[in-house]
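The values are calculated or read from the model by the stated rules, or taken from the named source; none is laboratory data. The structure presented is a predicted model; accordingly, all values stated were derived computationally and were not measured. Neighbour counts are summed over all protein chains in view; Cβ atoms, including those assigned to glycine, are modelled from backbone coordinates with ideal geometry.
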Amino acid sequence: MWGGRFAEGPSSVMREINASIPFDKRMWRQDIAGSKAHVAMLGKQGIVAADDAATIAAGLDAVAADYERDGVPEDLALEDIHMLTEARLAERIGPVAGRLHTARSRNDQVATDFRLWVRDATDQVLAALDMLQGALLARAEEHADSVMPGFTHLQSAQPVTLGHHLMAYFEMIARDVSRFSDNRARGNRCPLGSAALAGTGFDLDREATARALEFDGPTRNSLDAVSDRDFALDYLMAAAQCSLHLSRLAEEFVIWASQPFGFVKLSDQWSTGSSIMPQKRNPDAAELVRGHSGRIVGCLTALMITMKGLPLAYSKDMQDDKPPVFECHDLLALSIAAMTGMVESASFRTDRMRGLAESGFATATDLADWLVREGGIPFREAHHITGRAVAAAESKGVRLDQLELAELTAIDPRIDERVFGVLSVDASVNSRTSFGGTSPVRVREAIAAARAARGE
Ligand code: ARG
């Protein structure tokens with residue numbers, strides 16, 4: 001393809017280090033689509049004769065059909081998907097194939113293909129996240145009143161509802177969706193026509209190629225278009241953030257599925273056994289989602305460091321942009337699907353959750369708040385009085401609401417029997433009615449609002 005000025009071929013190691021076909025063959029559909037848009041425009045503009053353009057377009061369809069049927073051959077001598085496809089085209093239609101690359105460079109070609117690939121990947125992720133959100137909403141609705149201990153420092157803090165807890169993840173995923181959507185809009189510009197770096201003297205219609213490939217328009221600066229990969233980094237950043245959310249949910253499933261917690265029983269489909277310990281039901285999928293997030297962050301780091309310090313315009317380092325994005329996408333797609341399956345099929349043990357919420361003095365704040373509200377006591381003093389009540393309950397081995405009234409009034413005479421109205425975990429969650437709070441009324445409202453926003 002570029003051998004005109006060379007007398008000798010590359011060494012075998014040169015060939016191997018130079019080749020991207022082993023991984024960029026994954027972009028063959030985008031490469032064919034980009035070439036078809038380009039040649040149609042060349043034909044319309046009279047840069048390539050109309051019949052040649054038609055021959056090339058039909059030839060590209062035939063090459064695509066070959067790839068579809070037989071897979072893409074990994075011919076290292078042809079370097080990458082762009083040269084391979086052009087070589088295949090020449091085999092099919094002869095020398096007219098050589099007209100396809102008019103007013104184009106592999107630099108704007110690869111930038112276009114990769115943008116198309118990342119856009120498709122983004123659409124897949126958005127569809128998958130929509131399913132995860134649907135699963136979270138359904139389970140949250142089912143458990144809008146299921147009381148569980150809310151934690152800080154992984155210590156029992158205040159009772160919350162499982163519905164509220166699941167909706168917290170719904171909100172995180174909603175922001176991930178918004179990040180992916182923003183990226184899609186920002187990156188949806190077509191580099192074709194930027195050529196190698198400087199643009200071209202041919203009378204191209206860049207609007208036409210952009211439109212044909214469903215971009216919102218052409219990129220505005222040829223140097224920028226061939227040499228930035230921020231659209232790929234945006235994808236990786238959104239993916240990394242999303243994977244952190246998935247990893248935290250996965251970690252909760254690991255903790256909740258452990259015997260001491262017993263908050264959840266993962267379905268058989270989402271558990272694995274041990275080859276030696278017959279009693280085991282391991283949460284491997286959740287652990288792998290947690291693990292994959294580390295690899296996804298690694299993909300982001302890899303491309304950031306590849307791009308850092310590269311002068312304009314294209315450098316071959318940039319060929320290394322694709323493996324981390326492909327790897328990240330596969331890991332993320334699996335992680336989202338696995339989390340969706342686990343959320344959908346988990347059996348939540350609401351009795352265990354309630355039991356633990358009741359045993360951890362989780363309504364201590366409610367007692368302190370009651371002292372402030374009913375006794376006019378400053379919060380700091382109320383905090384101290386409540387601390388003594390907790391100590392009394394702990395030494396007696398009972399819950400706060402199992403203390404006798406006399407034991408409470410001995411701690412502070414301003415306490416009366418009305419206090420028992422706030423010491424149960426149900427009273428506690430029902431009282432948290434601030435906007436965004438855990439009260440079942442608010443959780444149901446949040447679910448309804450989310451459903452309305454989804455057009456459900
Ligand atoms: N395989 C190359 C890549 O992925 C295509 C662009 C090659 N351009 C060049 N000037 N060598 O980056």
Please count how many residues of the stretch 317-334 are without any contact (Cβ under 8 Å) to a residue 24 or more places away in the chain and within 14 Å of the ligand (Cβ to nearest atom).
2
Within the stretch 197-235, restricting to residues that are among the aliphatic types (A, V, I, L, M) and under 24 Å from the mean Cα position of the chain (by Cα), the one that is farthest from Ala103 (Cα to Cα) is Leu233
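Please work out which residue is surrounded by the fewest Cβ atoms within 10 Å (Cβ to Cβ), limiting yourself to the stretch 299-316 and to residues that are of a type in the set (Val, Ile, Thr) and free of Cβ contacts under 8 Å to residues at least 12 places away in the same chain.
Let us first name the residues in the stretch 299-316 that are of a type in the set (Val, Ile, Thr), namely 301, 305-306.
Those left that are additionally free of Cβ contacts under 8 Å to residues at least 12 places away in the same chain: 301, 305.
Numbers: Thr301: 13, Ile305: 11.
Among those that are of a type in the set (Val, Ile, Thr) and free of Cβ contacts under 8 Å to residues at least 12 places away in the same chain, it is Ile305.
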Residue pairs qualifying under the 8 Å Cβ cut-off, at least six apart or on distinct chains, with the first in the stretch 152-174 being over 12 Å from Arg432 (Cβ atoms) and the second being acidic (Asp, Glu) and modelled with pLDDT of 95 or more, are Gly163/Glu141; Gly163/Glu142; Gly163/Asp145
Residues satisfying the stated conditions in the stretch 33-44, i.e. surrounded by 20 or more Cβ atoms within 10 Å (Cβ to Cβ) and within 30 Å of the chain's Cα centre (by Cα)
Gly34
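Select, from Thr85, Thr122, the only residue that is under 29 Å from the mean Cα position of the chain (by Cα) and buried (at least 21 other Cβ atoms within 10 Å of the Cβ). If you could, list the steps in order and put the result at the bottom.
Numbers: Thr85 fails: under 29 Å from the mean Cα position of the chain (by Cα).
Just a single option satisfies the conditions, and that option is Thr122.
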Within the stretch 213-265, which residues are among the aliphatic types (A, V, I, L, M), assigned to a helix (DSSP H, G or I) and farther than 30 Å from Arg354 by Cβ?
Leu223, Ala225, Val226, Ala232, Leu233, Leu236, Met237, Ala238, Ala239, Ala240
Flagged pairs (Cβ under 6 angstrom, 6 or more apart or on separate chains; first in the stretch 20-44, closer than 11 Å to Ala54 by Cα and in the same structural domain as Leu84 (by the TED database); second within 16 Å of the ligand (Cβ to nearest atom) and modelled with pLDDT of 95 or more) are Val39/Leu100
